[in-house]
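Report on the following structure.
The values are calculated or read from the model by the stated rules, or taken from the named source; none is laboratory data. Just so we're clear, the structure is a prediction, and the values are computed from it rather than from any experiment. Cβ sites come from the backbone with ideal geometry, for glycine too, and all protein chains shown count toward neighbours. Calculation scope for accessible area: heavy atoms of the full protein, side chains included, ligands and nucleic acids excluded. Shrake-Rupley method; radii C 1.70, N 1.55, O 1.52, S 1.80 Å.
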Amino acid sequence: MAVLVRGGTVVTAEHTWRADVFCADGKIKAIGTDLESPAGAEIVDAGGQYVMPGGIDPHTHMQLPFMGTVASDDFESGTAAGLAGGTTMIIDFVIPNPQQRVMDAYNQWRDWAKKSVADYSFHVAITWWDETVAADMETLVKEEGVNSFKHFMAYKGAIMADDEILVNSFSKAIELGAIVTCHAENGELVFRLQQKIYDMGITGPEGHPLSRPPEVEGEAANRAIRIAEVLGVPIYLVHNSCRQSLEAITRARNEGQRVYGEVLAGHLLVDDSVYRNKDFEVAAAHVMSPPFRPKEHQAALWHGLQSGNLQTTATDHCCFCADQKAAGKNDFRLIPNGTAGIENRMEVLWHHGVSTGRLTMNEFVAVTSTNAAKIFNVFPRKGNIAVGSDADMVVWDPEAAKTISAKTHFQKIDYNIFEGMTVKGRASHTLSQGKVVYANGKLNVEKGAGRYVDRPPYATYYDAIKKRSEHKKPTAVKR
Ligand code: URP
Ligand code: ZN
Ligand code: ZN
């Protein structure tokens, strides 16, 4: 299978230039002007369009078993929806139940993901601790291509990691050369606030954001960052939704700590007024954690992306339909937490980021693809347009407009948090492994074509950390 993407303008995180891109055997083979088209090659006319690395969504939950139900978009439908929006790789999460052997959960998720239509990888959550967990972390890094471990600081009584688990897991991650990631919300405070708000008679979805104020996120973000600082491990905070967690990240980065931050397309564009909608179905459809915030936080998050203190954009794609959300009709604490967005992330970020001048096109590529590839150590195989990189690309039509709607999206969910939003600029073609899998509104995908992507540990981070700790060694005080 060979494809020539002809006549477009290539945009990477680094630069922008006019070039054709020739792909064969799943890889980019040549980039240049007026490339010859070998016999039999499929031609994609990219005239007037941009050719960019396919998006990487570093935070998804396909078919996640969660809060008594299972997320409705599975690995096949969810990765297909991603391709329709220009996203060619996901990093999903293995989430063991407490006391479940980590390798058993990992093998279970690997099995579920076999039907993916686009490439995928896994962060693995550490939800409990004993010596088998430490041993399994080692196996995952050394034999399975896992280099990131996730910690949920919320969801008390379920998958929450307390400080003891964080310290054990972070210490093991350093030994293995892995990065740690955290969902930062103080789970104890959330638990208490939920109880208090429910007892006050607030039982509907409007209780959800009241029980998870920004301070709860800021406290956990700061705690996780400081624990990582003491132990000397690089840390990545997922779904930063508010000024408070961004400030914790910014402060630590200014002090030279290796801290990374992710922001969701939803948190940049949707505000907390959605929880006051009188229609339970609409309000519940927006229940996710951390919740959508008052508008002033969105301005701060955009500034975080622009300044480079937040490096990646994701979706936390975790679909629950109205019949699933109904479990919390009389008690907001029981509404399954999660919203969708993998199909729309790139177009809403282009429209509200590039078209408004908040981001350059190159910054757009960085925050939708390249930075995730670098942080999670799959660059330059992914997140790049260069000879030898995987031929995962999106051809982007800056003039094409659409109005987002659940009625027309591919995602397997009956609601879209961007419903009714008109965006200009969208994918016209998506290539995955050098094959055109989406063209002008139509998917052409193959179940199981997605491959598991190994992510090796971080020799370079850890070399730097070792050198720094040598440098900082305390010297004895002479009397
Ligand atoms: O509400 C959310 N975000 N659901 C998915 C699990 C998580 O916390 O990321
Ligand atoms: Zn989370
Ligand atoms: Zn998540």
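In this structure, S77 does not satisfy being more than 19 Å from S389 (Cα to Cα), small (G, A, S) and modelled with pLDDT under 95.
Yes/no per residue for (1) in contact with a Phe, Trp or Tyr (Cβ under 7 Å, 6 or more places away or on another chain); (2) of a type outside the set (V, I, T); (3) closer than 28 Å to V124 by Cα:
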residue: H239; (1), (2), (3): no, yes, yes
residue: V282; (1), (2), (3): no, no, no
residue: P290; (1), (2), (3): no, yes, yes
residue: Q306; (1), (2), (3): no, yes, no
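The residue list V21, V5, V10, V44 contains one member that is more than 28 Å from the chain's Cα centre (by Cα) and over 30 Å from H239 (Cβ atoms), which is V44. Listed here are the helices (runs of 4 or more DSSP H) enclosed by the stretch 174-243 that have at least 3 residues being within 16 Å of ligand 1 (Cβ to nearest atom) and open to solvent by 20 Å² or more (accessible area, probe 1.4 Å): 187-199.
Considering only the stretch 320-330, I want to know if a residue exists there that is within 15 Å of ligand 2 (Cβ to nearest atom), on the phi < 0 side of the Ramachandran plot and in contact with a strand residue (DSSP E or B) (Cβ under 9 Å, 6 or more places away or on another chain). Yes, the stretch 320-330 has at least one match. A search for C-beta distances below 6 Å between a residue of the stretch 22-41 that is without any contact (Cβ under 8 Å) to a residue 24 or more places away in the chain and surrounded by 14 or more Cβ atoms within 10 Å (Cβ to Cβ) and any residue that is among the small types (G, A, S) and part of a strand (DSSP E or B), counting only pairs 6+ apart in sequence or on different chains, returns F22/A30. Would you confirm, using the coordinates I've provided, whether R358 is open to solvent by 10 Å² or more (accessible area, probe 1.4 Å), away from ligand 1 (no atom under 16 Å from the Cβ) and under 19 Å from the mean Cα position of the chain (by Cα)? Answer is no for this residue. Just name the residue that is nearest to Y458 (Cα to Cα) out of those in the stretch 386-432 that are open to solvent by less than 10 Å² (accessible area, probe 1.4 Å) and β-branched (V, I, T). Once the filter is applied, the top-ranked residue is V394.
For R18, all conditions in the list (1) crowded, with 18+ Cβ neighbours inside 10 Å; (2) of a type in the set (K, R); (3) within 27 Å of Q311 (Cα to Cα) hold save one; what is the number of the exception? Against the list (1) crowded, with 18+ Cβ neighbours inside 10 Å; (2) of a type in the set (K, R); (3) within 27 Å of Q311 (Cα to Cα), R18 comes up short only on (1).
Any residue that is under 17 Å from the mean Cα position of the chain (by Cα) and more than 26 Å from M361 (Cα to Cα) - is there at least one of those in the stretch 292-314? Yes; the residues of the stretch 292-314 include at least one that is under 17 Å from the mean Cα position of the chain (by Cα) and more than 26 Å from M361 (Cα to Cα). Screening the candidates G308, G304 for the property of being at pLDDT 95 or above and buried (at least 18 other Cβ atoms within 10 Å of the Cβ) yields one hit, G304. Return a yes/no flag: does the stretch 71-88 have any residue that is in a strand (DSSP E or B), surrounded by fewer than 24 Cβ atoms within 10 Å (Cβ to Cβ) and either under 15 Å from the mean Cα position of the chain (by Cα) or more than 13 Å from ligand 3 (Cβ to nearest atom) (or both). No: the stretch 71-88 contains no residue that is in a strand (DSSP E or B), surrounded by fewer than 24 Cβ atoms within 10 Å (Cβ to Cβ) and either under 15 Å from the mean Cα position of the chain (by Cα) or more than 13 Å from ligand 3 (Cβ to nearest atom) (or both). Residue count for the stretch 244-273 under the criterion of being polar (S, T, N, Q) and within 16 Å of ligand 1 (Cβ to nearest atom): the result is 1. Please determine whether any residue of the stretch 128-151 is modelled with pLDDT of 95 or more, touching a helix residue (DSSP H, G or I) at 6+ places or on another chain (Cβ under 7 Å), within 19 Å of D92 (Cβ to Cβ) and within 13 Å of ligand 2 (Cβ to nearest atom). The answer is yes; a qualifying residue exists. Taking the stretch 254-283 as the range and being part of a strand (DSSP E or B) and crowded, with 21+ Cβ neighbours inside 10 Å as the test, the residues that pass are V259, Y260, G261, E262, V263, L264.
Among residues that are closer than 23 Å to Y155 by Cβ, surrounded by fewer than 16 Cβ atoms within 10 Å (Cβ to Cβ) and away from ligand 2 (no atom under 16 Å from the Cβ), Q63 is not included.
Taking A154, is it of a type in the set (G, A, S), within 16 Å of ligand 2 (Cβ to nearest atom) and open to solvent by less than 20 Å² (accessible area, probe 1.4 Å)? Answer is yes for this residue. Just to be sure, is N330 more than 16 Å from ligand 3 (Cβ to nearest atom), open to solvent by 40 Å² or more (accessible area, probe 1.4 Å) and part of a loop (DSSP other than H, G, I, E, B)? Yes, satisfied.
Among the candidates D397, D454, the residue that is out of contact with any helix residue (DSSP H, G or I) (no Cβ under 9 Å at 6 or more places or on another chain), within 22 Å of T370 (Cβ to Cβ) and not in a strand (DSSP E or B) is uniquely D454.
Quick check on I56: is it in contact (Cβ under 8 Å) with a residue 60 or more places away in the chain, crowded, with 17+ Cβ neighbours inside 10 Å, touching an Asp or Glu at 6+ places or on another chain (Cβ under 9 Å) and under 22 Å from T181 (Cα atoms)? Yes, satisfied.
Let's see how each residue does on (1) assigned to a strand (DSSP E or B); (2) under 17 Å from the mean Cα position of the chain (by Cα); (3) at pLDDT below 95:
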| site | (1), (2), (3) |
| --- | --- |
| F379 | no, yes, no |
| T408 | no, no, no |
| N416 | no, no, no |
| G425 | yes, no, no |
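Could you list, in sequence order, the residues of the stretch 337-355 that are assigned to a loop (DSSP other than H, G, I, E, B), out of contact with any Cys (no Cβ under 8 Å at 6 or more places or on another chain) and either of a type in the set (A, V, I, L, M) or surrounded by 24 or more Cβ atoms within 10 Å (Cβ to Cβ) (or both)? Matches in the stretch 337-355: G341, I342, E343, N344.
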